[in-house]
Amino acid sequence: MLYTDSAGSIWWWQPRLSVSAQDNTKGMNGCVSGGQIRFEHQNIRSTISGGGAEMAVQNNWFNFSVLTRVADFGPLMLRIPKGAPLVDGDAIVTNSGGTTFIYGNTAAVHFAAFPLSLCAGAFLAAGDWGEGDLYYCYGYPVLPVFGIYNASIIWNNMLRFSFLGFRAAPQLYSNGDNFYLGGFDIQCYMGGSELYLRLQNHRLSFAARYIYTGGIGRVSLTAENQLYLFFPYKYLIADGDMRLHIINFDAGWEMYSPHDISHIQLRLGAAVCLYDEESYSASYLEKNNFIFNGNSGSVQGTANLFQGTSLLYGYISYTFRPLSFFSLSVKKLTVVPVLGNGLKKLLAGQSSGGDSVAEGGFTQDMLRQTVKTVLLSGLTVSVSLYF
């Protein structure tokens, strides 16, 4: 247990008590450490615990190992302290506590007979929050799904095929009877390949990736789940979803000086949205009483806002460490958007009623400001001292 008091607690399950036994004549070694059991016999090694499991088998011609662990720290349970501020500033919103469970897991398989490695991992979380300052008007949030998933195949430390997935689905419920008010589910998946070439002190890399991201959202507010007096609608229901298909290419170059005194890295790339689709619908009906007059309405539509839009990016960094206790690092990231027709039309429509460009055109001050913005945006300079 890391921390606890009357308002909240953080639990970390990692017992420390251990008992071990060893028989050198038979090459056996065993260990029990609280929730952990470990056994070794000649070329076989295994470990099982609340924080994960490990198993390895080795001999002169074959090397096979599997490692599974739980986020390096074991399962973690959080209880949010009662009255903790969620928003700081002039208005402070407090909650009455909640719980969150976090679980991480990674696994790897390595083969010695041929240069192949398989890796996979996941990070999962779930949580809910109880009553708070906004509970009686808006309800409380729940996080039923939050996950990050990854897997990769690596050949000879030169070629990598990888997959990365992300999903989050927070929801909002009303107070009392747990009516669903709304929420969204956003997902992103990326798969691709990377090639690495090492030439003395130089390293070249090339990557190609496919990215899919999408999300759906829903709001369902009714007189039954909005019980306060001045809620204006009998119902207000809105739905929307978005899908984007993106390809990404980039290339990089790195150079290491002898003894790692300096390191230069350069990377150039582009991400292009091949296809996208956005759709939405909404409908409402007002109450009919002495305050509201019973109006109703609906709207729906589709769009392709991001198709043809690209992001060009470049990254350069230089690290200089002439002494063991001192290093200087300079990094610069530049991103240039290239808008597709959908965003161009949207921005043109929004700016058509705006202020006109000032007379005199592009002044010297505007030119200096533009150059300064381009040169300084994304620039990081850091100095490190080691003791």
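The alpha-carbon atoms of the range 222-353 define a convex hull whose volume equals 231 cubic angstrom per residue.
Relative contact order, whole percent, for the range 119-241 stands at 19, derived from Cα pairs under 8 Å and 6 or more residues apart.
Just so you know, the averaged projected area of the alpha carbon convex hull for the range 115-226 sits at 9.8 nm².
Just so you know, all these numbers are worked out from the coordinates, no wet-lab data involved. Here the structure is a predicted model, which is why all the values come from computation and not from measurement.
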